[in-house]
Amino acid sequence: MVRADGVGQEQSLVSRPHAALPALFRAVRPDSLSAAFGAVGAAIVTYGEDYPALLEEVWAMVRGV
């Protein structure tokens, strides 16, 4: 569980496995660009305040292609 602190929002506990589930559904979209953006967007929500580390990893993969 991670603590999600949003500006102007109540503090709450978020289950990372449950938050990651939408990424799976978005990753299988027929349009690959839409699938990639949807999956990364859902992953950002899952990572919470650690999202900069995720984006660094994504950029590293994109640059390597």
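Please state which of the following conditions residue 6 fails to meet, knowing it meets all the rest: (1) modelled with pLDDT under 85; (2) in a helix (DSSP H, G or I); (3) open to solvent by less than 60 Å² (accessible area, probe 1.4 Å).
(2)
Got a sec? Which of 15, 32 is among the hydroxyl-bearing types (Ser, Thr, Tyr), open to solvent by less than 60 Å² (accessible area, probe 1.4 Å) and either at pLDDT 90 or above or out of contact with any helix residue (DSSP H, G or I) (no Cβ under 7 Å at 6 or more places or on another chain) (or both)? Quick ask: steps written out before the conclusion?
Details: 32 fails: open to solvent by less than 60 Å² (accessible area, probe 1.4 Å).
On inspection, the qualifying residue turns out to be 15.
The values are calculated or read from the model by the stated rules, or taken from the named source; none is laboratory data. Computed from a prediction, not measured in an experiment: that's the story for all the values here. Cβ: placed from backbone, ideal geometry, glycine included. Neighbour counts: every protein chain shown. All accessible areas refer to the heavy atoms of the entire protein, side chains included, with ligands and DNA or RNA removed. Shrake-Rupley method; radii C 1.70, N 1.55, O 1.52, S 1.80 Å.
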